[in-house]
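In what follows, a structure is listed as structure tokens, so that the remarks can point back to it.
The values are calculated or read from the model by the stated rules, or taken from the named source; none is laboratory data. Only a predicted model underlies this, so the values are computations on that prediction, with no experimental measurement involved. Please note: Cβ atoms are built from the backbone with ideal geometry, for glycine as well, and neighbour counts cover all protein chains shown. Only protein heavy atoms, including side chains, enter the accessible area calculation; ligands, DNA and RNA are left aside. Shrake-Rupley method; radii C 1.70, N 1.55, O 1.52, S 1.80 Å.
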Amino acid sequence: RNRADLKLPLIDEAIVERYYQKAAIQAVCQHFSANHRKALLVMATGSGKTRTFMALLKVLIDRGWVKNTLFLADRTSLVRQAYNAARNHLPDVSITNLTEANAVPSARLVFSTYQTMIGKISGSDKDENGGKLYSCGHFDLIVCDEAHRSIYKKYQDIFTYFDSLLLGMTAT
């Protein structure tokens, strides 16, 4: 009810400036607007997938579509790279990197490897009330970096546990 229209998103050109990045953001916004819950960004290596995601996330936050986001990658180096990009491009969003520090439950943008998140949803991490640290409805958007690596079957529990929009990013 509180979501604003995504048909003509205001894209932050300080984050992305290339026409194809803007077109990708517009396409994902239109896809989500049409009540699709999954989208895939296929962009060549070096074309700015991470920056495109950051600008898309800013649009989704500004339009009331997303409050909490989970960014997943299969290697800590990819998690660290995206985390550093978020610190630079989204300074007003609280972030945490689960691979390097304890979870900050109030963080709106959470970075993790698949392995770490499996541990968080099936392990003993609890919130201040003794409940699960991340409930099934905690995240509004899950982003999978390098989605082509057939992670879906191996880490399917993550995607069936969380009820959210899903964005895959890949270069192939």
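Overview of results
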read-out: On Cα atoms only, tilt of 49-62 relative to the major axis of the chain in degrees; value: 90
read-out: Anisotropy class of the range 35-74 from Cα gyration tensor, a/c 1.5 cut; value: prolate
read-out: Potential extension, Gln115-Thr160 segment - 0.36 nm per residue separation minus Cα distance; value: 14.7 nm
read-out: Of Lys22/Lys58; Lys22/Lys49; Lys49/Lys120; Lys7/Lys38; Lys38/Lys67, pairs whose Cα-Cα distance is over 19 Å; value: Lys49/Lys120
read-out: Asn88-Val42 FRET efficiency (beta carbon distance; Förster radius 22 Å; 0.05 resolution); value: 0.35
read-out: DSSP bridge pairs, the chain: antiparallel proportion in percent, nearest 5; value: 5
read-out: Kirkwood hydrodynamic radius of the range 1-108, from inverse mean 1/r over distinct Cα pairs, in Å; value: 14.7
read-out: Rel. contact order, % - alpha carbon contacts under 8 angstrom, at least six apart, the range 1-91; value: 35
read-out: More than 16 angstrom apart: percent of Cα pairs within the range 4-54; value: 38
read-out: Scaled radius of gyration (Cα, divided by 2.2 N^0.38 Å) that the range 30-172 gives; value: 0.98
read-out: CD proxy at 222 nm, helix term only [per DSSP H run n ≥ 4: -39500 (n - 2.57); per residue of the chain; nearest 500]; value: -10500 deg cm²/dmol
read-out: Accessible-area composition of the chain, carbon plus sulfur, in percent [1.4 Å probe]; value: 47
